[in-house]
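Contents: one structure, followed by commentary.
Just so you know, all these numbers are worked out from the coordinates, no wet-lab data involved. The structure presented is a predicted model; accordingly, all values stated were derived computationally and were not measured. Note that each Cβ is placed from the backbone with ideal geometry, even for glycine, and that neighbours are counted across all protein chains shown.
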Amino acid sequence: MDKVIQYRQIIQETLLAHSKIKPAYGEIEMEVLFDQERDRYQILRAGWLQKSRVYGILIHIDLRSNKVWIQYDGTEVGVANDLLERGIPREDIVLAYHSPFMRQYDGFAVS
């Protein structure tokens, strides 16, 4: 199987699993957004926590140049760990939320 096709499948399965985890508080829905044409994958949170509106991205991942770019990760455990467990190697995961300078120290791909 082509690496990109395999990575798409792993990313989608991982995000679907995360989307099933409901927040402990509030009336918040988790929505998955998959744009396979542009290789952008997200989980969006939307709802209410008491009188406050909750809206925003929980996870945002892009596939660029045969690498998995984690643009944003609002999870406690870290979605990179899930991707590693599912078979994506460290050298193909970029923690894009780290500055380009700091990426050399995080143990993942620089870019």
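Shown is the FRET efficiency for R90 and K51, computed with R0 = 35 Å from the Cβ-Cβ distance and rounded to the nearest 0.05: 0.25. Put simply, when 77-87, 17-27 are sorted by average Cβ atoms within 10 angstrom per residue, most first, you get 77-87, 17-27.
Stretched out straight at 0.36 nm per residue, the stretch from V32 to H98 would grow longer than its current Cα-Cα span by 21.4 nm. For K67, the aspartates and glutamates whose Cα comes closer than 12 Å to its Cα, not counting residues fewer than 8 places off in the same chain, are D39, E91, D92.
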